[in-house]
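A short reminder: the numbers here are calculations on the coordinates, not readings from a lab. All of these numbers come straight from a predicted model, not from anything done at the bench. Quick reminder, even Gly has a Cβ in these numbers, built from the backbone with ideal geometry, and neighbours come from all protein chains shown.
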């Protein structure tokens, strides 16, 4: 047997370990200060391997904004003023739970120049007393020849036979009528007490008066065949009965009458109404039979419109909630069956008002009234109208209680002043007689019946900024 000898050689080679040192260099921004205030461009590494260099603390930056101190800053409050009207005849104030819509029907025939001026002038006092942010009131004006809309060859009424003459649109119901798209225009056929941004109550009241002064003076070139009731009917048909005005939320700015509002229709004319509705007896417009038919037809038309406007599906309304007043020539003493218009100027409008007063299902109809167009000034007439509107469409609450529009800051003083209609201070209410609970403020020991009907009470209080 052969033996085999194997040799295993093991070689052990030396391994060299090379430890390389890594230089670390930290650069600072030129001009940065050490804790000793010296300026460095760079910092040398530590001599000890693996030890991070010590970076000096940087001193305060002289351009930095200092941190706020613990010193408290006094609170600067904002102040708000709420104003309410006082009715001295009841020792109570009023609020309006529903909007109010007023339609003026103005005669624009040749004899109406002075009467339109008196209306526009008297409106300034009316606006100052009643068209305030406390009330949600809108008003617009049409003319006694609106019935011609869409049926006239006179180009002054606008294109397409004056088709838009019965609409509350800029260029049509905001200035001279007819004379569409010419002359001075307000651009605002509907006036609202809602104060837009940028206006104070005083400046907005002045603006409303200026707008109405234009809208209420449609001129004296209108048709001499004045038909106020027929014009109301045409306006309701063309402007108010459009689908846009019957939406749950109305966005069309040319719609006047709102669902469940209180309404007033005020006719201003120095002539008898010559409206003729379908089926009317043939004869002179002031004959009793003709007057009775036309006023019954006209009233029925308005009743049905407002009832339909307010009704909801499955729930019919029975109260149309409107009244009609007329500023007209007094009906002259004469036989009941007049045969000429000269003996019965205003006869038809007077009959319409009387029918309104007799309407038992209309909550507001009894406030319909006739006023004398020959009055030297309409300020008193409009004041009475305004008082009628505010007093009879409002919920009356004790005058001692007022609901502020915002919550005052607790612990801050609240002041109360009773003011005249021109802003003069009639009484500074003593602080001891002002009691505030939440948003409600009560006045004690003040007899409001001693102040004018147009007086107001103003509360000024602090709000958080």
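Across all directions, the shadow cast by the convex hull of region 401-463 built on its C-alpha atoms averages 4.3 square nanometres.
Exposure proxy for 165, 135, 147: other Cβ atoms within 10 Å of each Cβ, ordered fewest to most, give 135, 147, 165. Is the C-alpha gyration tensor of region 98-393 telling us rounded, prolate or oblate? Criteria: a/c under 1.5 is rounded; beyond that, a/b larger than b/c is prolate, otherwise oblate. Because its axes are fairly even, with a/c under 1.5, region 98-393 counts as rounded.
Entry note, region 401-463: relative contact order of 47 percent, from Cα contacts under 8 Å with a spacing of 6+ residues.
As a proxy for reagent exposure, 78, 244, 271 were ordered by neighbouring Cβ count within 10 angstrom, fewest first; the result is 78, 244, 271. If R0 is 41 Å, the Cβ-Cβ spacing of residue 463 and residue 427 corresponds to a FRET efficiency of close to 0.95. Shown for region 88-231 is the translational diffusion coefficient from the Stokes-Einstein equation, using the Kirkwood radius over Cα pairs, a temperature of 20 °C and a viscosity of 1.002 mPa s: 134 µm²/s. Quotient of the Cα radius of gyration of region 181-283 and 2.2 N^0.38 Å, N being its number of residues: 1.33. Ordering 138, 177 by the number of other Cβ atoms within 10 Å of each residue's own Cβ, fewest first, gives 138, 177. Take every Cα pair under 8 Å whose residues are at least 6 apart in sequence, average their separation, divide by the length of region 98-393, and the relative contact order is 21 percent.
Sort 441-447, 321-327 by packing, meaning the average of other beta carbons within 10 Å per residue, with the highest value first. Could the numbers behind the result be given before it?
Numbers: 441-447: 14.9, 321-327: 25.1.
Packing proxy ranking, top to bottom: 321-327, 441-447.
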